[in-house]
Amino acid sequence: MRAIILSVLLVSCYALPKHERKFPDDFLFGTATASYQIEGGWNADGKGENIWDRMTHTRPEVIRDLSNGDEAADSYNNYKRDVEMMRELGLDAYRFSLSWARILPNGIANEVNKPGVEFYNNYINEMLKYNITPMVTLYHWDLPQKLQDLGGFTSPLFPEWFEDYARVVFDSFGDRVKHWITFNEPREICYEGYGSTTKAPILNATDVGIYLCAKHLVLGHARAYHAYDKDFRASQGGTCGITISVNWFGPLTDSDEDHLAAEIRRQAEWGLYAEPIFSEEGGFPKELSDKVAQNSKEQGYPRSRMPEFTEDEKEFIRGASDFFGVNHYTAYLISGDEQYKTWYPKPSLYDDADVGSYTPPEWPQSASVWLKQAPNSIYNALTHISEKYNYPLIYITENGWSSHPDSGLEDDDRITYYRAALNNVLDTIEAGVNLKGYMAWSLMDNFEWMEGFLERFGLYHVDFESAEKVRTPRKSAFVYKEIIRSRMIDPNYEPPSRTMWIDEGH
Ligand code: PNW
């Protein structure tokens with residue numbers, strides 16, 4: 001009997017050659033962008049100042065090419081062209097973010113900026129005209145400066161500011177938007193923005209910044225989720241989740257030491273934000289919080305640098321998400337061995353974690369130092385979080401590859417990356433992961449934060465020198481279009497020409 005089952009299994013696994021496997025019909029294929037990276041119009045029509053406006057205007061030297069997002073790809077004026085590109089690709093969905101200060105110039109919900117709301121209405125309505133499902137992120141890193149002046153994410157008032165903003169947003173767009181993402185990448189907000197100098201507001205409060213931010217961010221997420229659940233879901237019928245960056249952190253060797261090191265690194269990278277929301281127990285991850293408590297004591301702090309949640313808060317946060325949004329790009333191999341450790345400020349997150357990391361030199365390198373093409377990393381990351389958190393609904397809300405600005409339109413390295421990633425997505429679905437969508441980062445080249453315009457992630461090239469910010473499809477755009485159309489990955493597909501078209505029905 002077992003032999004029969006085994007051979008049936010083998011036959012069904014091997015029945016389809018890899019390149020004939022299909023994505024399910026209801027699988028959402030999309031692309032992603034973020035407000036500050038594409039919109040421009042930094043002070044147009046009543047928009048308030050945000051932390052990226054402030055930082056790039058007062059500290060231009062922190063951006064590698066001294067640029068800023070004042071104009072970016074000018075989607076504020078080019079939104080119809082953006083939607084035309086979505087139609088060219090044949091997208092099912094488009095993920096974009098709202099600029100908080102464009103809607104609430106002071107951050108506080110006392111005054112709504114009508115033209116800001118109007119802009120997003122136009123963007124959304126234009127997508128819906130062509131059956132493109134909007135997936136909307138409320139916060140992709142552009143905090144209103146006024147709220148930063150009051151402490152931003154370190155303020156215990158942050159959760160209520162965020163809930164107030166979320167209510168305005170649900171109220172304004174929720175009749176048409178059914179996929180809400182509260183925050184994009186808590187790690188990048190909290191560690192990079194508050195615990196180091198790699199994102200605005202470059203606070204560099206290495207000891208407590210990240211942990212204070214993590215607590216208030218997670219509480220803010222839960223407040224927005226419950227507001228939606230209680231007051232909007234019944235009439236609007238949508239879903240609300242969060243997007244966390246989940247790269248894969250596996251053990252370098254099979255030793256117990258490396259397994260433990262990898263677990264601690266995962267807690268430091270994404271467990272801090274996922275554990276309170278998706279775990280049964282709730283609260284911050286145990287091993288890491290024990291380490292921080294112990295270190296804090298030795299360092300003379302009167303209490304742990306990592307704050308705690310009350311039991312009521314834990315209860316409020318636990319389960320407060322309809323799906324797990326995953327941004328995934330790469331992998332690292334983690335070790336407890338001293339030879340792999342590097343220097344980190346003391347005290348800080350990575351000093352607390354105290355593990356080393358390694359990436360094999362043979363993994364292909366993109367234009368971004370941190371981004372290499374790692375084998376099987378989507379499968380490893382997604383099966384891991386599925387097992388850990390009882391198979392939540394997952395969307396990959398970002399995945400993509402960067403090239404150099406002068407690398408042209410023939411982006412075969414990006415095509416190789418996407419094909420490998422999407423084959424790995426199919427492996428992941430076959431393994432039983434409840435994965436329902438994939439958003440490529442990015443629809444078009446955009447302002448890549450501290451790297452300015454020096455790293456390009458677009459399926460479409462953008463000519464930032466031109467007044468119209470002309471968009472031109474790269475070869476990868478044609479390949480992605482064919483994957484979406486056929487729901488298959490043909491390893492040999494060559495676009496017949498480089499002239500774009502819109503298929504009937506799009
Ligand atoms: C994401 N990492 O950031 C952001 O959501 C986007 O805004 C950004 O443009 C895109 O990825 C490309 O950088 C990340 O170090 C930044 O692994 C860093 C990492 C991952 C994602």
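For region 424-477, the tally of residues that are under 23 Å from residue 241 (Cβ atoms), of a type in the set (Ser, Thr, Tyr) and either part of a strand (DSSP E or B) or touching a Pro at 6+ places or on another chain (Cβ under 7 Å) (or both) stands at 1. Among the residues making up region 98-114, those that are within 21 Å of the chain's Cα centre (by Cα) and assigned to a loop (DSSP other than H, G, I, E, B) are 98, 99.
Checked across region 232-241, the condition of being within 16 Å of the ligand (Cβ to nearest atom), under 16 Å from residue 277 (Cα atoms) and not in a loop (DSSP other than H, G, I, E, B) holds for at least one residue.
Every residue, every condition in (1) free of Cβ contacts under 8 Å to residues at least 12 places away in the same chain; (2) more than 24 Å from residue 248 (Cβ to Cβ); (3) away from the ligand (no atom under 16 Å from the Cβ); (4) out of contact with any Lys or Arg (no Cβ under 7 Å at 6 or more places or on another chain), yes or no:
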position	(1), (2), (3), (4)
278	no, no, yes, yes
302	yes, yes, yes, yes
315	no, yes, yes, yes
340	no, no, yes, yes
364	no, no, no, no
368	no, no, no, yes
373	no, no, no, yes
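Test residue 309 against the stated conditions and say whether it is within 16 Å of the ligand (Cβ to nearest atom), in contact (Cβ under 8 Å) with a residue 12 or more places away in the chain, closer than 30 Å to residue 179 by Cα and not in a helix (DSSP H, G or I). Here the answer is no, as residue 309 does not meet what is asked. Within region 418-436, the only residue that satisfies the criterion of being within 16 Å of the ligand (Cβ to nearest atom) and not hydrophobic (A, V, I, L, M, F, W, C) is 418.
Contact map, region 162-179: residues that are without any contact (Cβ under 8 Å) to a residue 24 or more places away in the chain paired with residues that are in a helix (DSSP H, G or I) and not polar (S, T, N, Q), Cβ distance under 8 Å, separation 6+ or inter-chain. No pairs are found.
Just so you know, in region 381-404 the residues that are touching a strand residue (DSSP E or B) at 6+ places or on another chain (Cβ under 9 Å) and polar (S, T, N, Q) include one that is surrounded by the fewest Cβ atoms within 10 Å (Cβ to Cβ), and it is 386.
Is it the case that residue 445 is in contact (Cβ under 8 Å) with a residue 60 or more places away in the chain, within 16 Å of the ligand (Cβ to nearest atom), closer than 20 Å to residue 38 by Cβ and over 21 Å from the mean Cα position of the chain (by Cα)? It is false that residue 445 is in contact (Cβ under 8 Å) with a residue 60 or more places away in the chain, within 16 Å of the ligand (Cβ to nearest atom), closer than 20 Å to residue 38 by Cβ and over 21 Å from the mean Cα position of the chain (by Cα). When you check residue 267 against the structure, is it surrounded by fewer than 19 Cβ atoms within 10 Å (Cβ to Cβ) and at pLDDT 95 or above, yes or no? No, not satisfied.
For every residue, the table says whether it meets (1) of a type in the set (A, V, I, L, M, F, W, C); (2) away from the ligand (no atom under 16 Å from the Cβ); (3) closer than 29 Å to residue 195 by Cα; (4) not in a strand (DSSP E or B).
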position: 117; (1), (2), (3), (4): yes, yes, no, yes
position: 121; (1), (2), (3), (4): no, yes, no, yes
position: 126; (1), (2), (3), (4): no, yes, no, yes
position: 131; (1), (2), (3), (4): no, yes, no, yes
position: 136; (1), (2), (3), (4): yes, no, yes, no
position: 141; (1), (2), (3), (4): yes, no, yes, yes
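Could you check how many residues of region 155-176 are crowded, with 21+ Cβ neighbours inside 10 Å and of a type in the set (Ser, Thr, Tyr)? The qualifying residues number 1. Return yes or no: is residue 195 touching a Cys at 6+ places or on another chain (Cβ under 9 Å), buried (at least 22 other Cβ atoms within 10 Å of the Cβ) and not acidic (Asp, Glu)? Spelling it out, residue 195 is indeed touching a Cys at 6+ places or on another chain (Cβ under 9 Å), buried (at least 22 other Cβ atoms within 10 Å of the Cβ) and not acidic (Asp, Glu). Within region 184-204, residues that are on the phi > 0 side of the Ramachandran plot reach partners that are within 10 Å of the ligand (Cβ to nearest atom) and among the polar types (S, T, N, Q) with beta carbons closer than 7 Å, at six or more positions or on different chains, in the pairs 185/243; 185/245; 185/327.
Any residue in region 284-296 that is farther than 14 Å from residue 212 by Cα, of a type in the set (A, V, I, L, M, F, W, C) and surrounded by 18 or more Cβ atoms within 10 Å (Cβ to Cβ)? Taking every residue of region 284-296 in turn, at least one turns out to be farther than 14 Å from residue 212 by Cα, of a type in the set (A, V, I, L, M, F, W, C) and surrounded by 18 or more Cβ atoms within 10 Å (Cβ to Cβ). Residue under question is residue 325, and the condition is that it be surrounded by fewer than 17 Cβ atoms within 10 Å (Cβ to Cβ) and small (Gly, Ala, Ser); does it hold? Answer is no for this residue. Between 373, 339, the distinction of being touching a Pro at 6+ places or on another chain (Cβ under 7 Å) and modelled with pLDDT of 95 or more belongs to 373 only. Given the condition in a helix (DSSP H, G or I), more than 16 Å from the ligand (Cβ to nearest atom), among the β-branched types (Val, Ile, Thr) and at pLDDT 95 or above, answer yes or no: does some residue in region 31-40 qualify? No, every residue in region 31-40 fails to be in a helix (DSSP H, G or I), more than 16 Å from the ligand (Cβ to nearest atom), among the β-branched types (Val, Ile, Thr) and at pLDDT 95 or above. Residue count for region 114-133, restricted to those that are of a type outside the set (Lys, Arg) and surrounded by fewer than 22 Cβ atoms within 10 Å (Cβ to Cβ): 12. Once region 174-205 is narrowed to residues that are under 19 Å from residue 271 (Cβ atoms) and hydroxyl-bearing (Ser, Thr, Tyr), the residue that is nearest to the ligand (Cβ to nearest atom) is 191. Annotation: residue 179 fulfils all but one of (1) buried (at least 18 other Cβ atoms within 10 Å of the Cβ); (2) over 20 Å from the mean Cα position of the chain (by Cα); the unmet one is (2). Among the residues of region 210-222, not a single one is in contact with a Leu (Cβ under 9 Å, 6 or more places away or on another chain), more than 22 Å from residue 292 (Cα to Cα) and either more than 16 Å from the ligand (Cβ to nearest atom) or modelled with pLDDT under 95 (or both). Of the residues screened, residue 492 is not one that is among the polar types (S, T, N, Q), at pLDDT 95 or above, within 16 Å of the ligand (Cβ to nearest atom) and in a loop (DSSP other than H, G, I, E, B).
The values are calculated or read from the model by the stated rules, or taken from the named source; none is laboratory data. Note that the coordinates shown come from a computational prediction; the quantities given were computed from them, not determined experimentally. Using ideal geometry, Cβ is built from the backbone for each residue, glycine included, and neighbour counts are taken over all protein chains shown.
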